[in-house]
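Accompanying notes for the structure given below.
The values are calculated or read from the model by the stated rules, or taken from the named source; none is laboratory data. Predicted model, so just to flag it, every value in this text is computed and none were measured. FYI the Cβ positions are ideal-geometry reconstructions off the backbone, even for glycines, and counts take in every protein chain you see.
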Amino acid sequence: MSKYRKILVTVLSALLIVVAALGIAACTLLETDYYKIDTVCEAAQGEITVTAPKAKEGYVKDEEVTATVTAKTGYTLNTFTVNDTAAQLTEGKYTFKVQGNTTLKATFTANTPAPTPATFTVTVSTTGGVRSPCLPKGPRTGTYIRIIRIR
């Protein structure tokens, strides 16, 4: 009986080792890292929206995410970075695969309206009917006016 007992103990020990190894492997396979995506921008100037994660806990590694950057009226996108590295948008969108926690940042600048040209009317006259040969006859128009004091 001792021969069979040794075989039984050996088989049970081996079976226990296999079950333990499978349990550890199963736990490792079920363990998933989840990552977050932070967006940073001035809300009054524009916004960054990202596709929602597939899991409620966050994004998983290699999950494809699309970020859309939109400037509000009166603003234009100035810079867009991913983890402090400049990134290129295509038609206002940036698509990437999650590799870890990610920060998307956009800065915007206020649009500057084109200056309105100023129009001035300048009237030059001489007193006492004296006419200077330096003054042109009749009205003149132009971009620049040079005014010289006449004594």
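Taking residues in the range 70-91 that are closer than 9 Å to residue 106 by Cβ and in the same structural domain as residue 50 (by TED's automatic domain parsing), and partners anywhere that are of a type in the set (Lys, Arg) and in a strand (DSSP E or B), the pairs with Cβ atoms closer than 8 Å and at least 6 places apart or on different chains are 79/105; 80/105; 81/105. Determine which single condition residue 116 fails, assuming it passes every other condition in (1) touching a Lys or Arg at 6+ places or on another chain (Cβ under 8 Å); (2) assigned to a loop (DSSP other than H, G, I, E, B). Unmet condition: (1).
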